[in-house]
1. How well do other chains shield peptide A:76-83, expressed as the mean number of their Cβ atoms within 10 Å of each residue Cβ?
2. Which value, in square angstrom to the nearest 100, describes the accessible area buried between chains D and B on both sides, using a 1.4 angstrom probe?
3. Check which residues have an amide H placed less than 5 Å from residue A:210's amide H, if you skip close sequence neighbours.
4. At 1.4 Å probe size, with the rest of the protein present, what percent of the exposed accessible area of the range D:34-181 is carbon and sulfur atoms?
5. Please work out the FRET efficiency for the pair residue C:32 and residue C:210, using the Cβ-Cβ distance as r and a Förster radius of 25 Å; give the result to the nearest 0.05.
6. Remind me, what semi-axes does chain A give for its equivalent ellipsoid, largest first in whole Å, using sqrt of 5 times each Cα gyration tensor eigenvalue?
7. Run the quick spin-label model on residue A:12 and residue A:219: label points 7 Å from Cα toward the beta carbon, then report their separation in nm to one decimal.
8. Identify the residues of the range A:33-51 with backbone N under 15 Å of a label point that sits 7 angstrom from the Cα of residue D:134 along the Cα-to-Cβ direction, or state none.
Amino acid sequence: MITAAGLRKSFARTPVIDGVSLEVPAGTCLVLLGPNGAGKTTLLRILATLVRPSSGSLTVAGVDALRSPEAVREAIAMVAHGSYVYEDLSALENLRFWATMGGHDASEGRLLAALSQVELEAVAHERARTFSSGMKRRIGLARVALGRARLLLLDEPFTGLDRQGRKWLSEFLLAFKGGGGAVVLATHSFEGALGVADRIAILAGGRLVLDQPAADLSRDDLRRLYDDLTEGSPR
Amino acid sequence: MPDKMMPDHWGYVFAAYGFAAIAFGGYWRHLARRSRDLLSRRRGKEGGAA
Amino acid sequence: MTAYGRRAWIVLWKDLLTERRSKESLNALFFFSLLLLFLFQFALGPDRERLQAALPGLLWLGFVLAGLLGLGRVFIAERDNDCWEGLLLTPGDKSAIYLGKLLANFVLMTVVEVVLVGLFGVFYNVDLWGVLGPLAVVLFLGTVGLSAVGTLFAAMTAQVRARELLFPVLLLPVQVPVLLATVSATQIVLGGQPLAEAASWLKLLAGADVVYLVIGLLTFEFILDA
Amino acid sequence: MRTRALGWLAGLALLAGLAVAFGYAPREAAQGNVQRIMYLHVPSILTAYLAFGLVLLGSIGYLATRGKAWDRLAASAAELGVLFTGVTIVTGSIWGKPTWGTWWTWDARLTSTAVLFLVYTGYLLLRGMVDEPERRGRYAAVVGIVGAANIPIVHFSVKWWRALHQPSTILGPEPSPIAAPIATALLVNWVAFTLLFVYFLARRIEIARLDDGAVDA
């Protein structure tokens, strides 16, 4: 689903992504670990066509993402730090807006079904202004569930979710993979991420310092490797 | 000259040419100073790296 | 309806709904217009003849000032929760978003203008009933021109520091032709002359509107782009 | 150093322009020697239009290709356009005082030139307020395109507006048909100004290139 080679991005002379190559086949999940400031968000934004890399090549869903980002956007869904929620609209209206913008089915039944998946149907008609950040995050996930994306990009998706929500998200990701979709999930916490990972990559100082199948790594191995590899990089 | 319809106003003519000279000359000096600054900064950096 | 039309429509729907729900700001815009009326009165003194002569200019000055405050509003909500990013990630022609925003701004400006015109009629004792049709034509063409460039530049300046300063600095010089044409046409219309007298101005306005709209539709994607 | 040679050439051309303006061109019959200001005024507005045309070209080029060279061209040309428009307005104003008896009049050409000055000053202000080079280039390009498309609209609206409010005949002596030596003097100065413009543009673009290099390299 993703083939990236030699991605680089500098902001004002400082390299943030410094030569990253990675491969995410359909039906798999790549978990990107790394301390804050390692470049996870920038890498994710490059994959999402939100940031143009300074150099390197990127193919997403068989399309050259640097040449025709518009075609890539058909295939991806993003859940980022911002939840893309309009404060003055209700939960249902938010979903209606994004479903229509994405060209998806925006019938009320479909929207309510997506809301009940994230357990927000009780507040479907309340303004988002009153919601907690976790609830907004869940609206973002319901938005993704409405679409037909084949690549899902998630930035710290577990923050703001309770145990129930984490469980739901893990199930959702497994089902998404099962349907042939690919997932890239960036996080700095191990919890929850390992259950869905097929491959684990560690990003430090803008470089991939580890990229291994998840099955080869036990949790303790990973913890030790992570501490070794990210030592001295900015936190 | 008898056919003068208007007085000559050389003062205005010189004011206009003087202004243009100051404007273009000032801009030229501004460009020169900026390129000198940039070049010396770049050289300073290369020297520092070497 | 095509996907393009549906996208433009849902943007319009969303923006108008947002505007209706945050009523206090729209009310503030009306109140601002009312204040303008008083200020014009104080600035020009009680001389009725002078007021009448200056009326078209004042009217459009009022609209432009209201536009400077109001046109950027539809982009403010996009800054919360990174909604900009969400819009950028939606597939398809981005000019649909511009069209929706433009229509929302057009509706908002029209509401403010209708109120302001009504107030002008009452406070400055102008008989508007007789010229309502021609006046509506001038208002329509002028508002399209104001909103077309205003929406484009507001989208840009919403993401720039010193937004409040930069928006008028960019918009006002570009709006000079629209202002000249609408003020002249309004003068003709309020003077009771037939609309045909203002035909050349209306043609100029219509031409300018088309140019602004086409540029807005073509370039909006570059403002939104990453 | 091709740029340096261009600079010398422009300097020589300007000297030639001065010589022709004061030595060769005759004293104009109706306006007297004040008319010699025209040898500054007319070439600078023509150069300004050339500059704004290049801003449009650079803007379209940048949006189409995202090549930084286009953005540098647009930015440099805009700065020079504002400079030459400023010279046009001030020299026009100095000419207007003895001719019309006032420093400023809302004459059609003066007004539309002033509007141009404001539009492109706004362009430069915008560039100053966006720090991210890529975004600055995109935004500026949009303003550059709107500004250029607006030039004819401004031109006609201001012309009609003047015609509506004041007949242009009372403004001053009608320009008499241009005599051949005057036309020659205008032409020489126009060439000189164009050379000066190209020289400035080359240096300004070079500075922009160094600036970009300092940020990205």
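1. Partner-chain Cβ atoms within 10 Å, mean over residues of A:76-83: 4.
2. 3000 Å²
3. So residue A:210 has HN proximity to A:202.
4. 70 percent
5. 0.25
6. 30, 20, 17
7. Roughly 4.1 nm, to one decimal.
8. Zone members listed by number: A:41-51.
The values are calculated or read from the model by the stated rules, or taken from the named source; none is laboratory data. Worth saying up front: this structure is predicted, and the values here are computed from it rather than measured. Every residue, glycine among them, receives a Cβ derived from its backbone with ideal geometry; neighbour counts consider all protein chains shown. Just the protein is used for accessible areas: all its heavy atoms, side chains included, with ligands, DNA and RNA removed. Shrake-Rupley method; radii C 1.70, N 1.55, O 1.52, S 1.80 Å.
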